1. So the check is Cβ under 7 Å with 6+ separation or different chains; which pairs have a first residue in segment 151-169 that's among the acidic types (Asp, Glu) and a second one that's part of a loop (DSSP other than H, G, I, E, B)?
2. Select, from Glu32, Glu96, the only residue that is of a type in the set (Asp, Glu) and touching a residue at least 24 places away in the same chain (Cβ under 8 Å).
3. Could you grab me the full set of residues in segment 5-35 that are hydrophobic (A, V, I, L, M, F, W, C) and surrounded by fewer than 10 Cβ atoms within 10 Å (Cβ to Cβ)?
4. Glu21 is checked against (1) under 25 Å from Asn174 (Cβ atoms); (2) assigned to a helix (DSSP H, G or I) and fails just one. What number does that condition carry?
5. Which members of segment 35-57 meet the condition of being of a type outside the set (Gly, Ala, Ser) and in contact (Cβ under 8 Å) with a residue 60 or more places away in the chain?
6. May I ask you to list pairs of residues, at least six apart or on different chains, whose Cβ atoms are under 6 Å apart, with the first in segment 12-26 being without any contact (Cβ under 8 Å) to a residue 24 or more places away in the chain and the second being part of a loop (DSSP other than H, G, I, E, B) and of a type in the set (A, V, I, L, M, F, W, C)?
7. Which ones in segment 80-111 are at positive phi and at pLDDT below 90?
8. So is Val7 farther than 27 Å from Ile141 by Cβ and in contact with a Ser or Thr (Cβ under 7 Å, 6 or more places away or on another chain) or not?
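The values are calculated or read from the model by the stated rules, or taken from the named source; none is laboratory data. Keep in mind it's a predicted model, so treat the numbers as computed, not measured. Cβ: placed from backbone, ideal geometry, glycine included. Neighbour counts: every protein chain shown.
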Amino acid sequence: MKATGMVRRIDELGRIVIPKEIRRTLRMKEGEQLEIFTQDDETVVLKKYSPVKRLSQYAQAYTNAVNKATGCLCIITDNDHVISISDNSQKHIMGERLSDMLTEIIRRRQQFVSVPYAKSISISQSMTPSDEAYEVISPIISDSAVCGCLILINEKQDMSLKEYAATGASFLGNIMQY
């Protein structure tokens, strides 16, 4: 755990203020959910809550099934990190922080489609985008909150992938409500 040198008081209602620098570093926004738990006798931990991460074993099965059915690279993310990826050669990006461009696309709450030989989206900080890829990015929305996205990447442009991605993102959003 990093020491920040910042000290905050608990007010009469039991609230504390998380410093702006920490909220900015962790990309925390107003209204975002946090998990609160203790680690030992003196440590209270605040952790960003990710409903998508809760489904990680299902997400892996889902990405593998979509890959098998479509031949596409399938990726599931929460709002900050890669949660699941169907390609074993790309497993190194699991858990990596999303690129700023992808984070912005998720925040817009709309499906994004790139076309081959145009500007491609970098998924994570270390994954280099391919100029020859066709990408479909659909936000995962649960209880009216954006929780992450489903990404399908293919070498050939295939308009049916828009429907696959939208359906998959909707399915994952509905599962998180239970």
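1. Here the result reads Glu155/Glu132; Glu155/Ala133, each pair linking segment 151-169 to a residue that is part of a loop (DSSP other than H, G, I, E, B).
2. Glu96
3. Across segment 5-35, the qualifying residues are Val7, Ile10, Leu13.
4. (1) is the only condition that Glu21 fails.
5. Across segment 35-57, the qualifying residues are Pro51, Val52, Arg54, Leu55.
6. Final answer for the pair search is Ile16/Ile10; Pro19/Met6.
7. At the first step, the residues of segment 80-111 found to be at positive phi are 95, 109.
Gly95, the sole residue that qualifies.
8. no
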